[in-house]
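A.B. asks: Below you will find the structure I want to go over with you.
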Amino acid sequence: MTISGHSRAFLLMISLVGLAGVTAAQKEDLGVISAAPALRAEGLIIARCSVCHSADLIAQQRLPRARWEATVEKMEHWGAEISNDEADLLVRYLSARYHPGAPDQLPPLDSEFRKAEPLAQEPVAEGPLTGVAARGAGIFEHNCQACHGAMAIGGMGPKLVKTPILKHEELFLEMVLHGRGAMPAWSSVLSPQDIADIHAWLVTR
Amino acid sequence: MNEEPASRSLSRRTLLKRVIQGLGVTFALGHVIPRVMAEAGGVSKNEADHLIVHVARPLDAETPVQEFVSYLTPNSRFFVRSHFGPPPAEPLSDPNWRLSVSGLVDRPLTFTLQDLKQFEEVTLTAVVQCSGNGRVFHRPKVPGVQWERGAVGNAQWAGVRLRDVLAQAGMQTKGRHVQFQGADRPVVATVPLFIRSIPLEKALHPDTILAYEMNGRPLPLLHGAPLRVITPGWMADSCTKWLTDITVQAEEAKGYYMQTAYRVPTTPVEQGIAARGQSIPVEAMVVKSLIAAPQEGETLKSGPVSIQGVAWGGEVKVAKVEVSLDEGKTWETARLVGEDHPYAWRQWQLVWKAKTAGTFTILCRATDDHGQTQSKTSPWNPSGYLWNGWDRVTITVAA
């Protein structure tokens, strides 16, 4: 892992808390993880891992790396929509933050560190954004279908086809970016273009 | 058809601004989600009152141990555990719900709740306990819901005998296992269903019932309405909620929740190593006791202190409960008090004369009629089932 001078100041020292009582075998889990990947991992936990159960089930575990690997693999097998790279990142992040020696109460990720982090999004240019319905179908299937059902007809989340919110694009955006209740916030996972594509696809349904 | 055009124009500048705001919100949400989700899950306050929530969705919540000063655990204070959360109420409501009995039977049958109530009613008091209760105390730590002490409760259950229902369908001699499936479903269909079976001997035991009442009330939704299995003396993984399907089979149930989860190694395993050898399903409870009062961290005045709690042995009666105030060097026998029923827990009490100020750790351990006594810790197993180490409460006696 290469660390730029800029982000070195924001290295997450999470794993150095509560070292007492940690055996040599566990020490190899204690990596540090820099700000950008930690942020991406948190985003994945909300967007990908919270489909079937809330994220508190994850945060209460204190496991060595091998058991995190097995757990993430089991979740993929059961239907968690993550790529191999995302799985690797999650294992790295989870075994750094939630290792067996970590205290029961972990401090929240530092807020300074959050503000300093640049967006993981592609640079945004001026001008109108045009949603492409054909792309939106795939993005929906990958990210939203688990809760909103095939063809957005409803499931654990409400149906989205032919609903008033589609006519109010500002509200739709607000909802998808920020989330509400059991609806995850997508701002750290989907680009503005992705969201516009989903919207474009939904209005054709 | 919708008249809106397929392509929408959104101002990029507006979007960028929202993305930045959204980022902060993502993290804020991460912390508030449990509370919000419990609300979104339709769990009203009086259905799950004062429980300690471990997982907001699907709801997993335990009872604070001080509740156990009462013999029966009220429905609204009873621990809540399921793999996928309760199914929607509608298919479970009276006109829609059916119980199907099939497999190795002469007459496959379906029953309404009224049909079932034709059988003789049985009422019994039994402890129901999650197999993972106390998982948080295992070392090395193991994955799963990090239950502490309160994933257990004692309630009065009313229903009909499973064996009466099976007899009506006509058991075939090849049937060795009885499989249960409930109406609960995972949000994503690729997740294995919660399907379990119990061996014939337990299924035909006169105390194994299909319960429709809990503490004199119709079974609440969170506890398996309208019908759940109660296998008295066995861990709750056999007590399927929202029961819809009973299948008589020659073999044990297949699938993750029978063949992988809820199993313990037959021979002690090296700590921290995943089990590779033989394993058996978690079935009977092991002898266990809890201190309900005083509470952890409490400050007491010097003088007589009533130490009280509960103890249970599953299918075996509790013979003795002992208390230690010197980390287990010496033990004093407590008095067993209150009601005494098979499968239920026993209340116990010991009066301790707190003379000196300071911090004290109270320990308790129980022994059953077969001579099994709780040890300081339980045998480690990879999924952290069946914890029954000594219970422990630390208190302060004020000067």
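A.B. asks: Looking at segment B:130-178, which of the residues that are β-branched (Val, Ile, Thr) and out of contact with any Pro (no Cβ under 9 Å at 6 or more places or on another chain) is farthest from the other protein chains (Cβ to nearest Cβ)? I'd like the intermediate steps shown before the answer.
C.D. replies: Of all residues in segment B:130-178, those β-branched (Val, Ile, Thr) come to B:136, B:142, B:145, B:152, B:160, B:165, B:173, B:178.
If we keep only those that are out of contact with any Pro (no Cβ under 9 Å at 6 or more places or on another chain) too, we end up with B:136, B:145, B:152, B:160, B:165, B:173.
Details: B:VAL136: 9, B:VAL145: 7, B:VAL152: 19, B:VAL160: 33, B:VAL165: 33, B:THR173: 37 Å.
For segment B:130-178, the residue satisfying everything is B:THR173.
A.B. asks: Anything in segment B:63-105 that is among the acidic types (Asp, Glu) and at pLDDT below 95? List them, or say none. Step through it out loud before you land on a result.
C.D. replies: Quick first cut of segment B:63-105, residues among the acidic types (Asp, Glu) only: B:67, B:90, B:94.
Residues satisfying the conditions are B:GLU90, B:ASP94.
A.B. asks: Can you name the number of the only condition in (1) in contact (Cβ under 8 Å) with a residue 60 or more places away in the chain; (2) in a loop (DSSP other than H, G, I, E, B) that B:VAL178 fails?
C.D. replies: Condition (2) is where B:VAL178 drops out.
A.B. asks: All but one of (1) open to solvent by less than 70 Å² (accessible area, probe 1.4 Å); (2) under 21 Å from B:ARG392 (Cβ atoms); (3) at pLDDT below 95 hold for B:MET285, so report the exception by its number.
C.D. replies: (3)
A.B. asks: Looking for whichever is among the small types (Gly, Ala, Ser) and over 13 Å from the mean Cα position of the chain (by Cα) here; the options are B:ALA158, B:ALA151. Which one fits? Quick ask: steps written out before the conclusion?
C.D. replies: Values: B:ALA151 fails: over 13 Å from the mean Cα position of the chain (by Cα).
None of the others qualify; the one that does is B:ALA158.
A.B. asks: Of all residues in segment A:152-171, count the ones that are in a helix (DSSP H, G or I), more than 9 Å from chain B (Cβ to nearest Cβ) and in contact (Cβ under 8 Å) with a residue 24 or more places away in the chain. Outline the logic, then answer.
C.D. replies: First pass over segment A:152-171, keeping only residues in a helix (DSSP H, G or I): A:152, A:164-167, A:169-171.
Add one more test, that the residue is more than 9 Å from chain B (Cβ to nearest Cβ), and what stays is A:152, A:164-165, A:171.
Restricting the remaining residues to those that are in contact (Cβ under 8 Å) with a residue 24 or more places away in the chain gives A:152.
Residues flagged as in a helix (DSSP H, G or I), more than 9 Å from chain B (Cβ to nearest Cβ) and in contact (Cβ under 8 Å) with a residue 24 or more places away in the chain within segment A:152-171 amount to 1.
A.B. asks: Could you look through segment A:179-194, keep only residues that are open to solvent by less than 30 Å² (accessible area, probe 1.4 Å) and in a helix (DSSP H, G or I), and pick out the one that is modelled with the highest pLDDT? Steps first, answer last, please.
C.D. replies: Residues of segment A:179-194 open to solvent by less than 30 Å² (accessible area, probe 1.4 Å): A:179, A:181-182, A:184-188, A:190-192, A:194.
In the following step, the residues that additionally are in a helix (DSSP H, G or I) were identified as A:192, A:194.
Details: A:PRO192: 82, A:ASP194: 90.
Applying the filter and picking the extreme gives A:ASP194.
A.B. asks: Of all residues in segment A:43-54 being within 7 Å of chain B (Cβ to nearest Cβ) and under 15 Å from A:LEU190 (Cβ atoms), which is modelled with the lowest pLDDT?
C.D. replies: A:ILE46
A.B. asks: Ok, one more. Looking at B:ILE307 and the list (1) buried (at least 19 other Cβ atoms within 10 Å of the Cβ); (2) farther than 30 Å from A:LEU63 by Cα; (3) assigned by TED's automatic domain parsing to the domain that holds B:PRO108; (4) not polar (S, T, N, Q), which single condition is not satisfied?
C.D. replies: With (1) buried (at least 19 other Cβ atoms within 10 Å of the Cβ); (2) farther than 30 Å from A:LEU63 by Cα; (3) assigned by TED's automatic domain parsing to the domain that holds B:PRO108; (4) not polar (S, T, N, Q) applied to B:ILE307, the lone miss is (3).
A.B. asks: Cβ-Cβ below 9 Å, separation at least six or inter-chain, first residue in segment A:55-76 and more than 9 Å from every other protein chain (Cβ to nearest Cβ) and more than 22 Å from A:MET183 (Cα to Cα), second among the hydroxyl-bearing types (Ser, Thr, Tyr) and assigned to a helix (DSSP H, G or I): which pairs?
C.D. replies: Filtered contacts from segment A:55-76: A:ARG65/A:SER95; A:GLU69/A:SER95.
A.B. asks: What are the residues in segment B:349-378 that are open to solvent by 30 Å² or more (accessible area, probe 1.4 Å) and in contact (Cβ under 8 Å) with a residue 60 or more places away in the chain, if any?
C.D. replies: B:ARG365, B:GLN372, B:THR373, B:THR377
A.B. asks: Something else about it: Report whether or not B:THR266 is assigned by TED's automatic domain parsing to the domain that holds B:LYS202, in contact with a strand residue (DSSP E or B) (Cβ under 9 Å, 6 or more places away or on another chain) and either in contact (Cβ under 8 Å) with a residue 24 or more places away in the chain or open to solvent by 60 Å² or more (accessible area, probe 1.4 Å) (or both).
C.D. replies: On the way: assigned by TED's automatic domain parsing to the domain that holds B:LYS202: yes; in contact with a strand residue (DSSP E or B) (Cβ under 9 Å, 6 or more places away or on another chain): yes; either in contact (Cβ under 8 Å) with a residue 24 or more places away in the chain or open to solvent by 60 Å² or more (accessible area, probe 1.4 Å) (or both): yes.
Spelling it out, B:THR266 is indeed assigned by TED's automatic domain parsing to the domain that holds B:LYS202, in contact with a strand residue (DSSP E or B) (Cβ under 9 Å, 6 or more places away or on another chain) and either in contact (Cβ under 8 Å) with a residue 24 or more places away in the chain or open to solvent by 60 Å² or more (accessible area, probe 1.4 Å) (or both).
A.B. asks: Still on this structure: Among the residues that make up segment A:121-130, is at least one of them under 16 Å from the mean Cα position of the chain (by Cα) and at pLDDT below 80? Before you say what the answer is, go through the steps one by one.
C.D. replies: Within segment A:121-130, the subset under 16 Å from the mean Cα position of the chain (by Cα) is A:121.
Okay, now just the ones that are also at pLDDT below 80, so A:121.
Yes, that holds for at least one residue.
A.B. asks: Inside segment B:185-214, can you point out the residues that are crowded, with 20+ Cβ neighbours inside 10 Å, closer than 20 Å to B:ASN75 by Cα and not aliphatic (A, V, I, L, M)?
C.D. replies: Hit for segment B:185-214 is B:TYR212, nothing else.
A.B. asks: Right, another one. Given (1) away from chain A (no Cβ under 14 Å); (2) closer than 27 Å to B:GLY313 by Cβ, identify the lone condition not met by B:SER82.
C.D. replies: Unmet for B:SER82, out of (1) away from chain A (no Cβ under 14 Å); (2) closer than 27 Å to B:GLY313 by Cβ: (1).
A.B. asks: Still on this model: State the number of residues belonging to segment A:59-97 that are part of a helix (DSSP H, G or I) and either of a type in the set (Gly, Ala, Ser) or open to solvent by less than 20 Å² (accessible area, probe 1.4 Å) (or both). Walk me through it before giving the result.
C.D. replies: Taking segment A:59-97 and keeping what is part of a helix (DSSP H, G or I), we get A:59, A:65-78, A:84-97.
From what's left, either of a type in the set (Gly, Ala, Ser) or open to solvent by less than 20 Å² (accessible area, probe 1.4 Å) (or both): A:59, A:66, A:68, A:70, A:72, A:87, A:89-91, A:93-97.
Residues in segment A:59-97 being part of a helix (DSSP H, G or I) and either of a type in the set (Gly, Ala, Ser) or open to solvent by less than 20 Å² (accessible area, probe 1.4 Å) (or both): 14 in total.
A.B. asks: On to the next question. Tell me yes or no: at least one residue of segment B:382-397 is at pLDDT below 95, within 29 Å of the chain's Cα centre (by Cα), open to solvent by less than 30 Å² (accessible area, probe 1.4 Å) and not aromatic (Phe, Trp, Tyr).
C.D. replies: Yes, segment B:382-397 has at least one match.
A.B. asks: Please pick out the residue among B:THR231, B:THR190, B:THR208 that is touching a helix residue (DSSP H, G or I) at 6+ places or on another chain (Cβ under 7 Å) and modelled with pLDDT under 95. Quick ask: steps written out before the conclusion?
C.D. replies: Working: B:THR231 fails: modelled with pLDDT under 95; B:THR208 fails: modelled with pLDDT under 95.
Testing whether each residue is touching a helix residue (DSSP H, G or I) at 6+ places or on another chain (Cβ under 7 Å) and modelled with pLDDT under 95 leaves just B:THR190.
The values are calculated or read from the model by the stated rules, or taken from the named source; none is laboratory data. Only a predicted model underlies this, so the values are computations on that prediction, with no experimental measurement involved. Every residue, glycine among them, receives a Cβ derived from its backbone with ideal geometry; neighbour counts consider all protein chains shown. Note: areas computed on protein heavy atoms with side chains; ligands, DNA, RNA excluded. Shrake-Rupley method; radii C 1.70, N 1.55, O 1.52, S 1.80 Å.
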